[in-house]
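Please treat every number below as a calculation from the coordinates, not as lab data. Quick caveat: nothing in here was measured; it's all calculated off a predicted structure. Counting neighbours? That spans all protein chains shown, and the Cβs are built from the backbone with ideal geometry, glycine included.
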Amino acid sequence: MSGFRTELSSQIFKGKTPTILTVLFLLLATLAFSGCNISESSGGKDTKTIGDPTDPDSPQVIKYPGQLPFTDSLSKIDPYTGSGGISYYKIVGLNPGITYRISISSTATFDTYFDSLSVLVYQNPDWSGLECTFSFNSYWSVTSPCPAVSNSEGELYVELTSTVSGKFTLNVEAIVGEGSAAAPIDLTGITPYDTDILDYATSFYKIGGLTPGDSYTVSTSAHSMTMYNDSFTTAICSLSSSCTFTATDNTIWFTVMGAYDDTLFTISFAGNGTPAAIPAEGAIGSEQEITLDTLYSGSVNTSASYYHVSGLTAGSRYRITLSNIFDDNVDLYVFQDATYGSEECFSTAAGTSSEKCETGALAGTELWIEVDGSGALRLLGAYYDLLVEQFFPNEGSGSSTPLELTYDNGLVYSGSVDTVSYYLVSGLAPNTSYVVELRDYTSGNSNISFDLSKTTSSAYSCYTGWEISPGIMTCIITTNADGTIAIDVDEYNYM
């Protein structure tokens, strides 16, 4: 990030509807005299057909579980007109808000790469809320089930698009794992534990006999695992294969999502002994002193660490960053007073993502910093690097909304850049070459560049700073037909 001064010199180159009663009468007459009969097949499956698979506004209804598995013919897209080829189905009778897996098998022949059968599963009757999708063709056949959560009415909507003929079979299964939040499976003393619950199903477990303060690792070969230090209320980690944690209680609770393709997976458990406690630093009134522009390696437990930095410039802006956070969640708060009552900025990114915030123009010359470790629930603390540096904001909101500057027999503009600043200079002679200089860098290795997409002529030449004189970068550029040039100033890159 940098401050700089830009100078632009003078030019150097030149029908009738039946009533409701009538419709009701006709319907009753049809039922009475046509012998309407809704029956079940010998296998007990409901065979009543409702809706039209070619009409997305009134899709064919499939009742769960009575009409499943469901078999039908594929509607093939006409390769010349692009019509047809899409079938629409509405699955009803599901439990609201429950995850189901949708699977498809097909007897269609896929001869070329372009032959395909695509499946999309939606939550809503307007075919919005895409839950999952998968495809078949001659090069791949996706057999893993597609997980979808039913809507509040207990419905899901399935759209099939095919470029080939044949039959397909649709099946819907409720995804149910082992245990529940109210009654988890107790694995105390019985790990490793093998099971083969359905793909995408969530199972609930607990392990007791832990010693608070000791470190433990739970591992699994399933999809993923989420650990809790209470009864499935507050998550302490969510990882794909293993989680190492420091116990705060005698019991750990966790959920596991089933392995791909319903394969067997294993849950393992191991103790790691007692880890060294992670310390907090400083306190209100006796903060740890840090230095501007100097990286400081710090730590915090589940309370808070406190820091103080002085020697700042009133009226300037500063960026405070926590990086290389290892290996738990912490948050950052910055204040302008020693009582921590005037909050200047904060950052509360999730997990171990870096925390970063920028102040406004400071009224004073000091900052007080709090690193909050109350969210470090897995390892009961974290290590990190803390840095305070002067902040120079970007100017302009992008190439489409630059900061506009006007040339009037010369232009000297003092600007700033963090990553990229955008400017549009007007009031110049059309199709004329001008010299632009970037000078007086405050910090960093700034680079001046031109947005050629907005410049009618590509006639330009640039010279890096050391070719002209220290701290100066010079470019020559031809203006647009409307007498403007677009200038981007980039930080951290030389041309």
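What the table shows:
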item	result
Per-bin percent of Cα-Cα distances, region 296-447 [10 Å]	10, 31, 26, 18, 10, 5, 1
Förster radius 45 Å - calculated FRET efficiency between Ser286 and Ser231 (Cβ-Cβ, nearest 0.05)	0.70
Inter-label distance for Asp72 and Thr248, nm, one decimal - labels placed 7 Å from Cα along Cα-to-Cβ	5.1 nm
Packing-based exposure ordering (other Cβ within 10 Å, fewest first) of Glu159, Glu370, Glu404	Glu404, Glu159, Glu370
Alpha-carbon gyration tensor eigenvalues x 5, square-rooted, for region 261-379, Å	34, 16, 11
Quarter of the Cα convex hull surface for region 254-329, i.e. its orientation-mean projected area (nm²)	9.7 nm²
q = 0.33 Å⁻¹, region 297-340: log10 I(q)/I(0) [Debye, one scatterer per Cα]	-1.56
Those aspartates and glutamates that a straight Cα-Cα span of less than 13 Å connects to Lys90, excepting residues fewer than 8 apart in one chain	Asp52, Asp55, Asp57, Asp126, Glu153, Glu155, Glu159
Rg/Rg_ref, region 118-209, where Rg_ref = 2.2 N^0.38 Å and atoms are Cα	1.47
Prolate/oblate/rounded call for region 310-366, Cα gyration tensor, a/c under 1.5 rounded	prolate
√(5λ) per eigenvalue of the Cα gyration tensor, region 166-264, largest first, Å	29, 13, 12
Percent of Cα-Cα distances greater than 20 Å, calculated over region 222-299	55 percent
Sum of side-chain charges, Glu343 neighbourhood, beta-carbon under 11 Å (Lys, Arg +1; Asp, Glu -1)	-3
Simple label model, 7 Å out from Cα along Cβ direction - Val92 to Asp55, nm	1.4 nm
Footprinting exposure proxy for Tyr340, Tyr307, Tyr384 (fewest neighbouring C-beta atoms within 10 Å first)	Tyr340, Tyr307, Tyr384
For Glu355, Glu289, Glu366, order by how many other beta-carbon atoms lie within 10 Å, fewest first	Glu289, Glu366, Glu355
